[in-house]
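Comments concern the structure below.
The values are calculated or read from the model by the stated rules, or taken from the named source; none is laboratory data. Since the structure is predicted, the reported quantities are computational estimates derived from the model, not experimental observations. Because the Cβ atoms are built from the backbone with ideal geometry, glycine has one as well, and the counts that use them run over all protein chains shown.
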Amino acid sequence: MTLAVVTPYTVPAGLMDVLQAVLLVLVALGATAVVLTRAPVRQVIVLSVYGLLLALLFLAFQAPDVTLSELTVGAIVLPLLLLLGLAKVRSREK
Amino acid sequence: MTPGLRRWVFLAGMAGLAAFYLWGLHGLPGFGRYPGPYGDLINRIAVSQTNATGVVSAVNFEYRGFDTLGEEFILFAAATGVATVLRRLRGEREGSAEDEAAGRDVPPTSDAVRQVALLLTGPALVMGWYLASHAQTSPSGGFQGGVVLATAFILIYLAGQFLAFERFSPVDVTDAVEAVGAGGFAAIGLAGVAMGLSFLTNFLGLGTIPGAVSSSGTIALISFFVGMEVAAAFVLIVSEMLDQALLLRATGPGGRSR
Amino acid sequence: MHIFPFIVVVWILAVGLYGVVTSRHLMHLIMCLIVVQSSTYVLLLAVGYRTGAVAPYFFDVPVHTPAVDPVVQALTLTDVVVEAAVTALLLAFAIQAHKRFGTLDPQQLVQLKG
């Protein structure tokens with residue numbers, strides 16, 4: 001379906017396809033990196049970067065609301081909670 | 001079952017699952033060729049029916065408001081669950097924040113972190129408030145605004161100490177705000193019932209300009225209450241985890257703390 | 001490009017489940033669960049996408065511009081925030097399990113004692 005109305009935000013369809021393909025590959029690699037990192041503290045940082053990549057992918061899918069949600073939740077709140085849990089577990093193991 | 005055997009059993013099962021999943025996804029109309037009538041219908045009629053230019057928020061709080069009420073109660077129950085599971089068990093004592101702060105030797109927070117966190121707290125508050133109150137105009141809404149508001153409180157903890165964070169968000173006040181947020185949403189729905197209409201009808205005036213802050217009736221009001229509830233739920237969860245990590249100390253045999 | 005996003009969705013699901021099954025630390029398991037949840041977000045948004053369309057917000061474009069599906073975006077939006085709270089509940093359980101059993105290895109936590 002071709003676009004009949006050109007808005008100020010329209011980019012050529014080929015460029016958007018390339019951007020989405022690159023971001024999809026980066027997200028797949030990021031998911032693999034999150035799973036293969038075994039040390040928990042390091043994995044939290046990788047998870048935060050993965051949340052950022054996901055937010056960029058959602059932006060390329062024309063979903064700004066979901067981008068806002070994923071950015072704040074996946075890159076800030078979840079890593080903070082995980083780090084607090086890790087701190088609690090480590091302080092008991094000492 | 002040894003780990004190696006478990007890995008091979010998983011790979012066999014996952015191969016079958018992936019094959020079925022891809023076969024099912026192959027039957028979809030392909031990426032980028034959205035055919036369905038529902039999305040186009042909502043895009044066409046939402047602005048004229050509700051005077052809200054943010055169609056996603058109109059779907060969330062108006063066309064699909066009952067499901068959003070259910071999801072908000074999931075959030076409420078999860079926050080209550082965290083507060084219940086992380087309660088003080090038998091055999092633990094909770095030190096006060098001042099006592100625990102005196103006996104710890106942690107490296108002081110670096111100046112760069114403190115200054116940046118201080119600078120960002122005010123804009124984060126304003127941004128969260130803006131997002132929670134503009135659900136019907138632009139990409140915003142109660143859920144995002146609530147999480148950004150909670151982030152502002154977390155920045156207070158990062159910029160200062162746990163004592164400051166505890167003073168700014170006492171547990172009783174946070175509990176009350178969360179309850180008001182969740183109850184307010186349900187109360188708006190019940191107000192519709194009290195007027196003789198069905199639950200969660202948009203009974204306020206729709207306004208004249210599509211996309212203005214005062215337009216679209218109950219959508220803006222519901223988004224405000226949802227923002228309050230989400231912010232309070234996340235602040236409660238973070239403060240419970242901070243209490244666990246910093247305050248609760250186990251008492252070993254004989255009452256000595258470990 | 002017609003099926004590539006769906007292949008990525010299945011790959012993320014498979015990788016996340018592999019992490020859950022072969023995990024040796026409860027925190028690692030929770031983070032792999034987060035990865036599995038994220039595959040559903042990508043799937044929902046990929047289903048509703050239309051080539052060459054804009055985001056479904058009409059305060060500066062005319063109303064009849066072709067736009068992507070807003071219903072799946074509404075679903076994904078609430079999903080992201082709610083599952084963060086459920087993950088926090090999982091974390092609370094992990095902390096209490098560590099207090100009770102002294103270990104965070106899921107392969108040693110198999111026996112449930114009363």
Just one of (1) surrounded by fewer than 21 Cβ atoms within 10 Å (Cβ to Cβ); (2) in contact (Cβ under 8 Å) with a residue 12 or more places away in the chain; (3) charged (D, E, K, R); (4) in contact with a strand residue (DSSP E or B) (Cβ under 8 Å, 6 or more places away or on another chain) trips up C:Asp69, so point out which. (1)
Do you know which residues across region B:18-34 are in a helix (DSSP H, G or I) and surrounded by 14 or more Cβ atoms within 10 Å (Cβ to Cβ)? B:Ala18, B:Tyr21, B:Leu22, B:Leu25
Residue under evaluation B:Ser198, criteria (1) away from chain A (no Cβ under 14 Å); (2) free of Cβ contacts under 8 Å to residues at least 60 places away in the same chain; (3) assigned to a helix (DSSP H, G or I), criterion not met: (3)
Criterion violated by C:Val9 - all others in (1) buried (at least 21 other Cβ atoms within 10 Å of the Cβ); (2) within 7 Å of chain A (Cβ to nearest Cβ) satisfied: (2)
Yes or no: B:Gly39 over 30 Å from the mean Cα position of the chain (by Cα) and without any contact (Cβ under 8 Å) to a residue 12 or more places away in the chain? no
Taking region B:179-211, which residues are under 21 Å from B:His134 (Cα atoms) and aromatic (Phe, Trp, Tyr)? B:Phe185, B:Phe203
Counted residues in region C:12-38 being crowded, with 21+ Cβ neighbours inside 10 Å, more than 7 Å from every other protein chain (Cβ to nearest Cβ) and under 19 Å from A:Leu57 (Cβ atoms) come to 1
In the set B:Gly227, B:Gly181, which member is at pLDDT 90 or above, of a type outside the set (Ser, Thr, Tyr) and either within 16 Å of the chain's Cα centre (by Cα) or part of a loop (DSSP other than H, G, I, E, B) (or both)? B:Gly227
Pairs only if they're at least six apart or on different chains, beta carbon under 6 angstrom, first in region B:239-255 and closer than 8 Å to B:Leu86 by Cβ, second modelled with pLDDT of 75 or more and surrounded by 13 or more Cβ atoms within 10 Å (Cβ to Cβ); list them, first residue then second. B:Glu240/B:Val82; B:Glu240/B:Ala83; B:Glu240/B:Leu86; B:Met241/A:Leu81; B:Met241/A:Leu84; B:Gln244/A:Lys88; B:Gln244/B:Leu86
Mind listing whichever residues of region B:69-90 are surrounded by fewer than 24 Cβ atoms within 10 Å (Cβ to Cβ) and either in a loop (DSSP other than H, G, I, E, B) or facing chain C (nearest Cβ under 8 Å) (or both)? B:Glu71, B:Ile74, B:Ala78, B:Gly81, B:Val85, B:Leu86, B:Arg87, B:Arg88, B:Leu89, B:Arg90
Give region B:153-178 a look and list any residue that's of a type in the set (Gly, Ala, Ser) and either over 22 Å from B:Leu125 (Cβ atoms) or in a helix (DSSP H, G or I) (or both), or say none. B:Ala159, B:Ala164, B:Ala176
Any residue in region B:50-64 that is over 25 Å from A:Met16 (Cα atoms), at the interface with chain C (Cβ under 8 Å from one of its Cβ atoms), under 26 Å from the mean Cα position of the chain (by Cα) and part of a loop (DSSP other than H, G, I, E, B)? yes
Hey, could you check region C:80-114 for residues that are assigned to a helix (DSSP H, G or I) and more than 8 Å from every other protein chain (Cβ to nearest Cβ) and say which is nearest to the chain's Cα centre (by Cα)? C:Glu83
Is there any pair with a first residue in region A:78-94 that is more than 7 Å from chain B (Cβ to nearest Cβ) and a second that is of a type in the set (A, V, I, L, M, F, W, C) and outside any helix (DSSP H, G or I) whose Cβ atoms are under 7 Å apart and which are 6 or more apart or on different chains, and what are they? A:Val89/C:Leu104
Output the residues belonging to region A:68-94 that are under 17 Å from B:Phe143 (Cα atoms) and either surrounded by fewer than 22 Cβ atoms within 10 Å (Cβ to Cβ) or not hydroxyl-bearing (Ser, Thr, Tyr) (or both). A:Leu68, A:Glu70, A:Leu71, A:Val73, A:Gly74, A:Ala75, A:Ile76, A:Val77, A:Leu78
I'd like the residue in region C:44-60 that is assigned to a helix (DSSP H, G or I) and at the interface with chain B (Cβ under 8 Å from one of its Cβ atoms) and, out of all such residues, is farthest from the chain's Cα centre (by Cα). C:Val47
Scope region A:37-52; condition without any contact (Cβ under 8 Å) to a residue 12 or more places away in the chain, over 11 Å from A:Leu83 (Cα atoms) and more than 7 Å from every other protein chain (Cβ to nearest Cβ); matching residues: A:Thr37, A:Ala39
Among (1) at pLDDT 90 or above; (2) facing chain B (nearest Cβ under 7 Å), there is one condition C:Val63 misses while meeting the rest; what is its number? (1)
